[in-house]
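Worksheet: one structure, shown below.
What follows is calculated from the coordinates using simple rules that are stated; it is not laboratory data. The model shown is predicted, which means the values in this text are computed figures rather than measured ones. Note that we place each Cβ from the backbone using ideal geometry, even for glycine, and neighbour counts take in every protein chain shown.
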Ligand code: EPZ
């Protein structure tokens, strides 16, 4: 078993280069199944979710060559099976994108129910509704999803809930469907736009990604042969921005799109931090105890749920009482119990948590319950006095490239230790 050991407190200072976005990359890789040819994907984050995505594609028949740790060339000319490996697909959430892509490519797929972070109920009814509207039949039996379509046909699809996964999945399934599909009440996250940009580069005709209404004009075939670079990770950037505030440090983030970070920038200014926006880089610094603030998580462009735990660390240390209302996931406050072990005073009730700010956190052994909770604990350990041990690193490794290396470069005293 591995753990991270952090000795704090350290104000984080220096430069961080942001990696490619996990939540875009895990959709772009299955999207290559729609192509009968070869393409190169660059700026991939070097994380375990990407490695598992590649293994799934290989087991379906794709040939993958690693050009370096951030770039692969995928040849999807020969897709040899419509059964995705159940053991791998159940390891992470984004395996559900295999359904949309394979319905488009082969009209058939058998795949395990997706896994991923345990954040409460994670239904996929909107995905299924979308596939059925496009003419597919979808059955769920003993944890396996069977989806089939003789021929997909465009349809108007209204999403009852703003869903990142369902928006992307329906987009994937409709790229090759005859006619014009509309997705109303679509999600608008930067990774939706990135997946649409990738598909359009390959010859798809998708319009309106990044707005509430996406129109997909079905095309007969996509081209092979493109090189595409994944968008910078909004959530990794936000994680380091909030780490700068929580540790009262001074960080400059390179390779980020600051437009994607506006909701985070606004909250950082509200709590008394400083922001210098340079377009493709951003500097965040804070030299005092943060002020209190209230947060409500919302779909993009609102404050992202995937930065709620990291913001929770800032508010745990703030001057005054703060409230976070989590509107996306039922169970995203598990990290608050761990912060309380470190001296925080947080009371979580359902989807609301009350933070009575404390002056200091103190090192303690803590457990990461999910990916972003793990990142929050790394920030807390760096800000806290004494030694923090963080367990359950497999969650963090799913979504953060080399987290200890990146934190060490900006001054954190952090080691990965085998027990
Ligand atoms: C994506 O999950 C992200 N994962 C999550 O990031 C992120 O928290 C979430 O979007 C919200 O931004 C990936 O992109 C791989 P949703 P997804 O469908 O697509 C409900 C991380 O830490 N819903 O937008 O699964 C659902 O229960 C992860 O990187 C339905 O009711 O989220 C939730 O309340 C964690 N029916 C809300 O919609 C459906 O069919 C939003 O979920 C689908 C979703």
By the C-alpha gyration tensor axes a ≥ b ≥ c (rounded if a/c is under 1.5, else prolate when a/b exceeds b/c, else oblate), the shape of region 27-98 is oblate
Can you work out the PRE-style zone for residue 255? Point 7 Å along Cα to Cβ, and I want the residues of region 42-58 with backbone N under 18 Å.
-> 42-51
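How would you rank 202-210, 244-252, 124-132, highest first, on the average number of other Cβ atoms within 10 Å across their residues?
So the peptides 202-210, 244-252, 124-132, ranked by packing, come out 244-252, 124-132, 202-210.
Counting only helical runs of four or more DSSP H residues, what would the 222 nm mean residue ellipticity of the chain come to if each run contributes -39,500 (n - 2.57) and the total is spread over all its residues?
Values: 14 runs with 135 residues, N = 419.
It comes out at -9500 deg cm²/dmol, rounded to the nearest 500.
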To the nearest 10 degrees, how steep is helix 371-383 against the longest Cα principal axis of the chain, on a 0 to 90 scale?
-> 20 degrees
Per the 1/(1 + (r/R0)^6) rule, R0 = 22 Å and r from the Cβ atoms of residue 106 and residue 227, FRET efficiency to 0.05 is 0.30
For region 22-229, shape from the Cα gyration tensor axes a ≥ b ≥ c, cut at a/c of 1.5 then a/b versus b/c, turns out rounded
Using alpha carbons only, how many degrees (0 to 90, rounded to 10) separate the axis of helix 190-201 from the longest principal axis of the chain?
-> 30 degrees
Sorted by mean Cβ packing within 10 Å, highest first, what order do the peptides 279-292, 7-20 take?
-> 7-20, 279-292
If contacts are Cα pairs under 8 angstrom and at least 6 residues apart, what is the relative contact order of region 135-210 in percent?
-> 27 percent
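Any chance you could run the full-extension gain for residue 217 through residue 13? It's 0.36 nm times the residue separation minus the Cα-Cα distance, nm to one decimal.
So the extension gain works out to 68.7 nm.
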Of all DSSP beta bridges in the chain, antiparallel share, percent nearest 5 | 70 percent
Can you figure out the FRET efficiency of residue 356 with residue 46, using R₀ = 51 Å and their beta-carbon distance, to the nearest 0.05?
-> 0.85
Once the principal axes of the Cα atoms of region 299-419 are found, what is the range along each, listed largest first in whole angstroms?
-> 36, 30, 25
Mind putting together the pair-distance distribution for the chain? All Cα pairs, 20 Å bins, whole percent per bin, short to long.
-> 28, 55, 17, 0
Degrees between helix 22-31 axis and first principal axis of the chain (Cα, 0 to 90, nearest 10) = 10 degrees
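If you average the sequence gap of Cα pairs under 8 Å that are 6 or more apart and divide by the length of region 22-229, what percent do you get for the contact order?
21 percent
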Relative contact order (%) - the chain, alpha-carbon pairs under 8 angstrom, separation at least six | 21 percent
With viscosity set to 0.890 mPa s and temperature to 25 °C, compute the Stokes-Einstein D of region 65-161, Rh being the Kirkwood radius across alpha carbon pairs; µm²/s, no decimals.
-> 167 µm²/s
What is the calculated FRET efficiency for residue 160 to residue 413, with r their C-beta to C-beta distance and R₀ = 45 Å, to the nearest 0.05?
-> 0.40
Mark the label point 7 Å from the Cα of residue 207 along Cα→Cβ and return the residues of region 144-162 whose backbone N is within less than 19 Å of it.
-> 154-158
